[in-house]
Each structure stands twice: as structure tokens, then as C-alpha cells.
Amino acid sequence: MAVLKKIRSRLWSQSDEAAELSAASAERVPRPVGSRYDIRPLTISQLDECWRLDQRCFIDGEAYSRETFEYLLTAPESVSYRVVTQGGAMVGFVIGLVEPDHTGHVTTVGVAPEHRRRNLAKRLMSQVEEGFRRRNVRLVRLEVRSLNVAAQKLYQSLGYTITQKLPKYYSNGGDGLLMVKSLYVKN
Ligand SMILES: CC(C)(COP(=O)(O)OP(=O)(O)OC[C@H]1O[C@@H](n2cnc3c(N)ncnc32)[C@H](O)[C@@H]1OP(=O)(O)O)[C@@H](O)C(=O)NCCC(=O)NCCS
């Protein structure tokens with residue numbers, strides 16, 4: 001996320017082992033029965049709720065700062081959505097940016113630990129892709145940590161492919177992967 005590196009203050013201090021553990025623990029959370037969710041636009045009105053949720057999704061210092069969210073949610077090129085419960089609580093979000101080269105850039109996606117493995121991230125990603133399409137974006141890119149297997153599987157299931165390794169991409173020395181998807185190809 002080269003552009004974001006300029007504006008974000010995310011601290012990639014979480015160890016790779018801790019990242020794997022957090023992904024694995026999501027699978028042990030019991031799933032409430034009968035929950036329904038809606039996808040809605042994510043705007044600056046949800047700044048604090050989104051910032052708090054991000055801190056639950058990206059643990060141990062990985063979370064974006066409030067200022068970074070403020071930037072992302074007020075940028076005219078922002079294409080962002082949230083998933084809410086029937087009670088209106090935000091339990092997931094995705095933030096995309098239309099870059100100057102007209103590629104879509106998924107800067108972050110997160111789902112509350114207790115709501116994972118219900119296709120919410122998949123729905124959010126489909127929605128942000130649709131938002132990109134409406135802005136004439138034809139190629140989407142994102143970066144993911146090499147050890148974030150859960151996120152990679154999510155992106156692969158949606159048709160993203162790894163095109164580049166990004167050695168020591170993250171500020172704590174962790175490696176990254178660049179993944180892309182052409183929006184001409186529908187899944
Ligand atoms: C990655 C993340 C967004 C996935 O959210 P989610 O709502 O649980 O994902 P979905 O239910 O839509 O999963 C869709 C598919 O992705 C894959 N997937 C998602 N989580 C997975 C996991 N923990 N392990 C393996 N595969 C996983 C599976 O193929 C899954 O389909 P299935 O449940 O039918 O097997 C969520 O785990 C999260 O918020 N993690 C912390 C933040 C993060 O790492 N964000 C990505 C940064 S690049």
C-alpha cells in the first residue's frame with residue numbers, strides 16, 4: 001500500500017506468530033444463529049465506530065490511527081462500505097481508493113472477530129468492486145502480509161492472484177504480497 005504509507009501511521013508491530021494465532025482463533029468463535037446483516041456506505045459519520053472496530057480487527061498496534069481513517073473517509077476517491085447488524089452496529093468495513101492511475105486500491109478490510117466466517121468480508125469485497133466498477137476502475141490491487149493466510153484465502157476465493165512479492169514491505173520487517181484482479185472477469 002505504497003500510497004497509504006505516506007498517510008497512515010499503522011504500526012506493524014504484531015509478530016507474525018501472533019497474526020497467525022489471531023486468524024486461527026477466529027475459527028473457534030461460536031456463530032450466533034439467525035443473524036442478518038446489511039451492507040451500507042461507510043462515511044465520515046462513522047469515523048469513531050470504524051476506528052474502534054479496526055482496533056479490534058487489527059490487534060497489538062496494527063490498527064490505523066484515527067487521523068488515517070479521517071483521511072481515508074473524506075478523500076473524494078474513497079469507495080468504502082460497512083456491514084451492520086440488524087441493530088445497526090458496525091461489524092465490518094472495507095475502504096478502497098480510486099488511484100490516479102484509475103486502479104482500485106483496497107486499503108483495508110476487517111470483520112469483528114465474533115462475526116467472521118459468514119461471508120461478510122466476501123460481501124464487502126464484492127461491494128467495493130462494484131463501487132470501483134461504477135467509477136470505471138478495471139483493475140483492483142491490494143497488499144497483504146505474507147503470513148496472513150486467512151486474508152490471502154479470502155482474496156484468492158474472489159479471483160485475486162499474487163503478482164509480486166514485497167520483501168520487508170511492512171515497517172516491522174514483515175514481507176508482503178501484491179495481489180490484483182481484473183474487474184472484466186466476473187466470478
Ligand atoms: C480476513 C478477514 C477480513 C476475513 O473476514 P471474514 O468475514 O471472516 O471472511 P469470509 O467469511 O467472507 O470468508 C470468505 C472466505 O475467505 C477464506 N477465509 C476467511 N477467513 C479464513 C480463515 N481464518 N482461514 C482460512 N480461510 C479463511 C475462506 O475461503 C472463506 O470461505 P469459507 O468460510 O466458505 O471457507 C477477517 O479474518 C479479519 O478481519 N481479519 C483481521 C484483519 C485482516 O487481516 N484484514 C485483511 C488485511 S489484508
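Going by what's in this entry, would GLY87 be described as under 20 Å from PRO41 (Cα atoms) and assigned to a strand (DSSP E or B)? Explain how you work it out, then say what you get.
Numbers: under 20 Å from PRO41 (Cα atoms): yes; assigned to a strand (DSSP E or B): no.
When the stated conditions are applied, GLY87 does not pass them.
Among the candidates ALA75, ALA2, the residue that is away from the ligand (no atom under 12 Å from the Cβ), farther than 25 Å from ARG117 by Cα, out of contact with any Phe, Trp or Tyr (no Cβ under 8 Å at 6 or more places or on another chain) and at pLDDT below 95 is uniquely ALA2. One residue stands out in the range 97-112 among those that are in contact (Cβ under 8 Å) with a residue 24 or more places away in the chain and more than 16 Å from the ligand (Cβ to nearest atom): the one that is farthest from ARG52 (Cα to Cα), namely HIS102.
Surrounded by 13 or more Cβ atoms within 10 Å (Cβ to Cβ), in contact with a Cys (Cβ under 8 Å, 6 or more places away or on another chain), of a type in the set (Lys, Arg) and touching a residue at least 40 places away in the same chain (Cβ under 8 Å): does that describe ARG82? Give the steps one after another, and end with the answer.
Details: surrounded by 13 or more Cβ atoms within 10 Å (Cβ to Cβ): yes; in contact with a Cys (Cβ under 8 Å, 6 or more places away or on another chain): yes; of a type in the set (Lys, Arg): yes; touching a residue at least 40 places away in the same chain (Cβ under 8 Å): yes.
Considered against the rule, which asks whether it is surrounded by 13 or more Cβ atoms within 10 Å (Cβ to Cβ), in contact with a Cys (Cβ under 8 Å, 6 or more places away or on another chain), of a type in the set (Lys, Arg) and touching a residue at least 40 places away in the same chain (Cβ under 8 Å), ARG82 comes out as yes.
Taking the listed residues VAL84, VAL149, VAL91, VAL106, the one that is of a type in the set (Val, Ile, Thr) and farther than 27 Å from ASP38 by Cβ is VAL149, with no other qualifying. Within the span defined as the range 113-124, one or more residues are surrounded by 13 or more Cβ atoms within 10 Å (Cβ to Cβ), basic (Lys, Arg), in a loop (DSSP other than H, G, I, E, B) and within 15 Å of the ligand (Cβ to nearest atom). Within the range 125-156, the set of residues being closer than 24 Å to TYR170 by Cα, buried (at least 17 other Cβ atoms within 10 Å of the Cβ) and of a type in the set (S, T, N, Q) comprises SER146, ASN148, GLN152.
The values are calculated or read from the model by the stated rules, or taken from the named source; none is laboratory data. Since this is a predicted model, take the numbers as computed values, not measurements. Counting neighbours? That spans all protein chains shown, and the Cβs are built from the backbone with ideal geometry, glycine included.
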